[in-house]
Amino acid sequence: MVVWKMAIVVGGSALALAACGSSSGDNGGTSACTPKGGTASGTASQVVKINPDPNTVGKFDPATVTVTKGQTVEWDWIDNGAQHSVTSDDTTTFDSGLCSAGAKFFVTFSTAGDFKYHCTIHAAMTGDIKVS
């Protein structure tokens, strides 16, 4: 009986992890992104790539970007192995939604400040936009 219960828990966990980290690969930028506080197109002053990283599932490269008021930051999804989000730590300023390789997300910063962000499903993925 205990072995049977363990098999169900292991199988369910494997399915949940597979759904979280799977991706159909490069979709040509037509992922299911649902941007809030940003857009899927624009002209960037700085570009952050969302790259694969075997130690953290993914990473923002560079993790810290500095821009001036009125400039736009672009995030490019490069990682073919998992979906990621670009979500402001306050969860209201901007949020790309979950996106796959090939997607792009643009945010124009109109006020000065320090805008920290993260991936909603990979806690080790964090970044910072410094706006002067």
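Annotations
- Segment ASP53-ALA124, extension gain: residue separation times 0.36 nm, minus the distance between their alpha carbons: 24.5 nm
- Note on LYS104: lysines with a C-alpha under 19 Å away, same-chain residues under 8 apart excluded, are LYS36, LYS49, LYS59, LYS116.
- Relative contact order (%) - criterion: Cα under 8 Å, at least six apart; region: the stretch 68-114: 51 percent
- Taking all protein chains together, SER88, SER132 sort by accessible area into SER132, SER88, largest first [probe 1.4 Å].
The values are calculated or read from the model by the stated rules, or taken from the named source; none is laboratory data. Keep in mind it's a predicted model, so treat the numbers as computed, not measured. When the accessible area is computed, the model is the full protein with side chains, heavy atoms only, and any ligands, DNA or RNA have been set aside. Shrake-Rupley method; radii C 1.70, N 1.55, O 1.52, S 1.80 Å.
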